[in-house]
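S.K.: The structure under discussion is supplied below as structure tokens; questions concerning it will follow.
The values are calculated or read from the model by the stated rules, or taken from the named source; none is laboratory data. Owing to the predicted nature of the structure, the values given are computational and were not obtained by experimental measurement. Reconstructed Cβ throughout: ideal geometry from the backbone, glycine too, with neighbour counts over all protein chains shown.
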Amino acid sequence: MTATGQAIRVHDLVLSAGVPVVNGISFDVERGEAVGIVGESGSGKSLTLRSVISLLPTGVTQTGGSITVQGRVGMVFQDPLTALDPLMPVGRQVAAASRFARGTGRKAARARALELFEQVRLPDPVAKLGAYPHQLSGGQRQRVVIALALATDPEILLCDEPTTALDVTVQKQVLELLGQLREKLGLSMVFVSHDLAVVSTVCTRLIVMKDGQIVETGETLAVLTAPQHPYTQKLLGAVLALPVLGTRAPISPAPGNGTV
């Protein structure tokens with residue numbers, strides 16, 4: 001049974017890089033909830049996510065507001081090649097994170113790494129323990145990064161555009177995996193993406209950002225079917241209309257809406 005209450009509370013957050021790049025935003029994430037933050041590049045969505053764990057890039061600082069986090073946090077990064085150590089086998093990296101979190105010995109940590117590799121459905125998980133990042137496919141590396149995030153036994157999972165570099169088939173597999181893990185483990189999740197279609201598949205609530213501010217928020221279905229802000233309507237309108245099978249006629253979205 002999922003616990004109730006707030007997992008994350010962001011209040012009047014201001015992030016600055018000489019000038020404000022995120023300007024006075026507020027939102028909550030309930031325990032067990034999956035919230036998507038969507039917007040174009042430069043909207044401040046990734047900076048907002050990184051501020052939750054105080055992992056802001058050089059030159060960006062929090063100059064206002066507050067962030068409250070209740071529970072352990074894991075993070076899935078966009079680029080696994082930069083998130084993983086290229087000189088260390090991936091199994092050893094996940095085992096090291098587990099040892100740090102649980103305070104166990106090497107043998108138990110290795111067993112935990114294997115368990116996590118099985119949980120994220122890496123093919124031939126025993127062999128993958130000794131593999132280096134460059135020896136894995138993009139989808140396999142991303143599964144390792146998910147296992148690395150889970151190694152700390154998080155209650156909150158932050159996902160920073162984790163499917164952007166993947167092809168459509170692998171992207172679908174990773175999204176399904178994240179959704180299943182969230183439900184199985186009772187995780188709270190914040191998923192950042194520029195792609196409304198991607199976010200809508202895993203999130204129950206959406207936050208739309210533009211120029212460092214929240215312009216719209218609401219339940220996923222409500223935002224997709226009846227967007228209120230012109231920018232949200234523009235995002236939805238940018239999604240290509242799908243052709244009806246057996247014809248050449250596209251399915252046109254209603255005015256202001258899009259087909260996702």
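S.K.: Among the residues of region 134-147, write down those that are in contact (Cβ under 8 Å) with a residue 24 or more places away in the chain and either part of a helix (DSSP H, G or I) or touching a strand residue (DSSP E or B) at 6+ places or on another chain (Cβ under 6 Å) (or both).
M.R.: Of everything in region 134-147, those that are in contact (Cβ under 8 Å) with a residue 24 or more places away in the chain and either part of a helix (DSSP H, G or I) or touching a strand residue (DSSP E or B) at 6+ places or on another chain (Cβ under 6 Å) (or both) turn out to be 134, 138, 139, 141, 142, 143, 144, 145, 146, 147.
S.K.: Let me ask another. Only one residue in 163, 201, 169 is closer than 24 Å to residue 234 by Cα and out of contact with any strand residue (DSSP E or B) (no Cβ under 9 Å at 6 or more places or on another chain), so which one is that? Can you show your working first?
M.R.: Values: 163 fails: out of contact with any strand residue (DSSP E or B) (no Cβ under 9 Å at 6 or more places or on another chain); 169 fails: closer than 24 Å to residue 234 by Cα.
Within the list 163, 201, 169, the selection yields 201.
S.K.: Exactly one condition in (1) closer than 30 Å to residue 12 by Cβ; (2) in contact with a strand residue (DSSP E or B) (Cβ under 9 Å, 6 or more places away or on another chain) is false for residue 58; which is it?
M.R.: For residue 58, the failing item is (2).
S.K.: Right, next: What are the pairs, 6+ residues apart or on separate chains, where a residue within region 96-122 that is on the phi < 0 side of the Ramachandran plot has its Cβ under 8 Å from a residue that is among the β-branched types (Val, Ile, Thr) and surrounded by fewer than 18 Cβ atoms within 10 Å (Cβ to Cβ)?
M.R.: That search, which allows pairs on different chains as well, returns 97/152; 98/104; 98/152; 100/152; 101/152; 112/104; 114/126.
S.K.: Taking the stated definitions as given, is residue 180 surrounded by fewer than 21 Cβ atoms within 10 Å (Cβ to Cβ), farther than 27 Å from residue 13 by Cβ and polar (S, T, N, Q)? Give the derivation first.
M.R.: Details: surrounded by fewer than 21 Cβ atoms within 10 Å (Cβ to Cβ): yes; farther than 27 Å from residue 13 by Cβ: yes; polar (S, T, N, Q): yes.
Here the answer is yes, as residue 180 does meet what is asked.
S.K.: Please state which of the following conditions residue 97 fails to meet, knowing it meets all the rest: (1) touching a Leu at 6+ places or on another chain (Cβ under 6 Å); (2) modelled with pLDDT under 95.
M.R.: Every condition holds for residue 97 apart from (2).
S.K.: Being farther than 25 Å from residue 70 by Cβ and not aliphatic (A, V, I, L, M) is the filter here; which residues of region 143-176 pass it? Explain how you work it out, then say what you get.
M.R.: Applying the first criterion (farther than 25 Å from residue 70 by Cβ) to region 143-176 yields 143-144, 163-176.
Residues satisfying the conditions are 143, 163, 164, 167, 169, 171, 172, 173, 176.
S.K.: Now, a different point. Out of all the residues in region 141-158, which are more than 16 Å from the chain's Cα centre (by Cα) and crowded, with 21+ Cβ neighbours inside 10 Å? Spell out how you get there, then give the answer.
M.R.: In the first step, residues of region 141-158 are kept if they are more than 16 Å from the chain's Cα centre (by Cα); the result is 151-153.
Within region 141-158, just 151 meets the criteria.
S.K.: Can you find a residue in region 148-164 that is outside the structural domain of residue 5 (by TED's automatic domain parsing) and without any contact (Cβ under 8 Å) to a residue 24 or more places away in the chain?
M.R.: The answer is no; no qualifying residue exists.
S.K.: Of the residues that sit in region 211-223 and are surrounded by fewer than 21 Cβ atoms within 10 Å (Cβ to Cβ) and not polar (S, T, N, Q), which one is nearest to residue 22 (Cα to Cα)?
M.R.: 211
S.K.: Out of region 1-42, which residues are touching a Leu at 6+ places or on another chain (Cβ under 6 Å) and closer than 25 Å to residue 175 by Cβ?
M.R.: Step one: of region 1-42, the residues touching a Leu at 6+ places or on another chain (Cβ under 6 Å) are 15, 21-22, 25, 36, 38.
Of everything in region 1-42, those that are touching a Leu at 6+ places or on another chain (Cβ under 6 Å) and closer than 25 Å to residue 175 by Cβ turn out to be 36, 38.
S.K.: Next question, about the same structure. Does region 61-82 contain at least one residue that is without any contact (Cβ under 8 Å) to a residue 40 or more places away in the chain and either out of contact with any Ser or Thr (no Cβ under 9 Å at 6 or more places or on another chain) or within 20 Å of residue 190 (Cα to Cα) (or both)?
M.R.: Of all residues in region 61-82, those without any contact (Cβ under 8 Å) to a residue 40 or more places away in the chain come to 82.
Pick out the ones that are also either out of contact with any Ser or Thr (no Cβ under 9 Å at 6 or more places or on another chain) or within 20 Å of residue 190 (Cα to Cα) (or both) and you get 82.
Yes, region 61-82 contains a residue that is without any contact (Cβ under 8 Å) to a residue 40 or more places away in the chain and either out of contact with any Ser or Thr (no Cβ under 9 Å at 6 or more places or on another chain) or within 20 Å of residue 190 (Cα to Cα) (or both).
S.K.: Starting from region 218-233, take each residue that is in contact (Cβ under 8 Å) with a residue 40 or more places away in the chain and list its partners that are in a loop (DSSP other than H, G, I, E, B), counting only C-beta distances under 6 angstrom and pairs at least six apart or across chains.
M.R.: 220/203; 220/204
S.K.: Still on this model: Kindly list, by first and then second residue, each pair from a residue in region 34-53 that is on the phi < 0 side of the Ramachandran plot to a residue that is hydroxyl-bearing (Ser, Thr, Tyr) and surrounded by fewer than 23 Cβ atoms within 10 Å (Cβ to Cβ), limited to pairs with Cβ atoms under 6 Å and residues at least 6 apart or on different chains.
M.R.: Taking only residues 6 or more apart or on different chains, the pairs are 34/204.
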